[in-house]
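Notes to accompany the following structure.
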Amino acid sequence: MTGWIDHAVWWHVYPLGFTGALHSGPGHRLDHLADWLDYAVELGANGLQLGPIFASESHGYDTVDHFRIDPRLGDDADFDKLAVAARERGLHLLLDGVFNHVGRGFSAPEHWFRRTGSGDLAVFEGHGALVALDHDQPEVLDHVVRVMDHWLSRGASGWRLDAAYAVPPRFWAEALARVRPRHPGAWFTGEVIHGDYPAYLRESTLDSISQYELWKAIWSSLNDRNLFELAWALDRHGTVLDAGLPLTFTGNHDVTRLATRLTDERHLGHALAVLFTVGGVPSVYYGDEQAFRGVKEERAGGDDEIRPPFPASPSELAAFGWPTFRLHQRLIGVRRRHSWLAHARTSPAHLTNEAAALVATAPDNPSGRIITLLNLGDTPFTFPLDQAGLSLLESDTPGDSRPPLTVPPHGWSILG
């Protein structure tokens with residue numbers, strides 16, 4: 001594994017929604033996404049994390065052909081154009097590999113699919129349109145290896161493996177043992193929602209898993225004004241970092257938007273300050289950098305609100321979102337200037353329900369230290385820490401000349 005991932009910040013896009021393709025006919029819509037690459041770079045991202053782009057029956061996770069671009073998005077030439085445009089801007093491409101299940105229109109021999117005890121086709125978590133593959137079949141393994149190799153050879157830098165938790169970890173280990181020799185710089189992250197993250201990382205040999213536990217703790221601790229929950233999750237996060245570099249996020253294509261989830265909008269910056277100062281590989285879900293709102297609902301079409309189309313150009317975005325965009329830029333700037341944060345372990349130097357001083361240090365950077373101060377209370381808070389050698393790097397209101405260890409009500413600071 002090469003070192004580029006230590007510097008990665010992903011801009012995560014769900015292409016079928018972003019381009020307006022989800023409920024449309026065939027078209028060359030990847031061009032619309034290519035038009036936004038400069039915006040991603042301006043944000044501070046150096047990676048484009050794509051949702052499903054392969055031929056599917058509806059939402060992209062019901063694949064019918066892993067070797068064909070979804071006709072609603074375009075064709076191979078459109079992908080190649082996007083890959084070149086991304087590479088010219090220094091953007092890595094992360095593809096979404098849906099290899100646990102496929103759509104019912106997927107053409108394969110019957111023995112590729114799992115069966116229930118009654119002999120029926122097994123489906124993924126009760127979704128009748130998603131037929132589960134049999135990962136004990138060597139031909140299924142061969143297929144996944146071919147797909148990974150094909151798109152890595154065409155310009156992708158890695159794979160996000162959908163529903164990885166539903167696949168035996170040994171399957172990924174066998175697949176990656178065959179893919180990595182041809183693509184030693186590729187990065188592989190798996191969607192693991194619950195369970196023993198470090199054990200899954202070790203057994204699967206994946207580089208990374210999606211850090212849902214930290215995601216939940218960030219917004220939940222802010223809403224409940226219980227920063228002990230966040231501290232506990234960060235302690236567990238350290239054990240994950242011992243096994244790999246987790247994909248960290250405050251939003252993605254499957255969850256209610258952060259700006260909607262938070263009960264106090266003043267705490268949006270707190271969530272982002274944590275995201276960009278803890279270990280892992282941060283990902284920003286498109287629209288979150290503009291404070292988009294949206295609720296995930298468990299019903300047909302319940303994802304549409306969190307997977308909206310983007311306009312033709314940034315100039316057409318609403319004015320209310322740009323302060324949040326600039327906040328992302330500033331925090332990503334801190335991350336860029338302290339790339340060792342990818343491997344940082346974070347622990348509290350001071351902790352109450354409503355105030356936390358989170359100290360980030362990295363094993364391979366003994367002289368480096370970043371302290372994130374969070375105040376959820378209604379009055380200013382001065383942290384009882386040694387101020388020696390500390391200066392203010394960023395805050396909720398930059399340039400206000402606040403004393404480094406004093407944070408105003410519902411404010412945050414980053415010291416270094």
For this session: State all residues of segment 201-227 that are closer than 28 Å to Trp151 by Cβ, charged (D, E, K, R) and part of a loop (DSSP other than H, G, I, E, B); if no residue qualifies, say none.
Result: Asp207
Problem set entry | Single condition His28 does not satisfy, out of (1) open to solvent by 20 Å² or more (accessible area, probe 1.4 Å); (2) in a helix (DSSP H, G or I) | (2)
Problem set entry | Failed criterion for Pro198 (all others in (1) in contact with an Asp or Glu (Cβ under 7 Å, 6 or more places away or on another chain); (2) assigned to a helix (DSSP H, G or I); (3) in contact (Cβ under 8 Å) with a residue 24 or more places away in the chain; (4) open to solvent by less than 10 Å² (accessible area, probe 1.4 Å) hold) | (4)
Problem set entry | Single condition Asp224 does not satisfy, out of (1) in contact with a helix residue (DSSP H, G or I) (Cβ under 8 Å, 6 or more places away or on another chain); (2) surrounded by fewer than 23 Cβ atoms within 10 Å (Cβ to Cβ); (3) of a type outside the set (A, V, I, L, M, F, W, C); (4) closer than 26 Å to Asp396 by Cβ | (1)
Exercise. Given (1) in a loop (DSSP other than H, G, I, E, B); (2) touching a residue at least 24 places away in the same chain (Cβ under 8 Å); (3) open to solvent by 20 Å² or more (accessible area, probe 1.4 Å), where does Thr277 come up short, assuming only one miss?
Worked result: (3)
Seminar exercise, completed: Over segment 194-227, the set of residues more than 27 Å from Leu351 (Cβ to Cβ) and of a type in the set (A, V, I, L, M) is Ala199, Leu201, Leu206
Exercise. If Leu234 passes every condition in (1) without any contact (Cβ under 8 Å) to a residue 60 or more places away in the chain; (2) outside any loop (DSSP other than H, G, I, E, B); (3) open to solvent by less than 40 Å² (accessible area, probe 1.4 Å) but one, which one does it miss?
Worked result: (1)
For this session: Could you tell me which residue of segment 237-256 is most open to solvent (accessible area, probe 1.4 Å), considering only residues that are within 13 Å of the chain's Cα centre (by Cα) and either farther than 29 Å from Pro363 by Cβ or of a type outside the set (A, V, I, L, M, F, W, C) (or both)?
Result: Asp254
For this session: Can you confirm whether segment 177-190 contains a residue that is polar (S, T, N, Q) and not in a loop (DSSP other than H, G, I, E, B)?
Result: yes
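The values are calculated or read from the model by the stated rules, or taken from the named source; none is laboratory data. Everything quoted here is computed from the prediction, not taken from an experiment. Virtual Cβ from ideal backbone geometry, glycine too; neighbours counted across all protein chains shown. The protein model used for the area step is the full one, side chains on, heavy atoms only, and it has no ligands, DNA or RNA in it. Shrake-Rupley method; radii C 1.70, N 1.55, O 1.52, S 1.80 Å.
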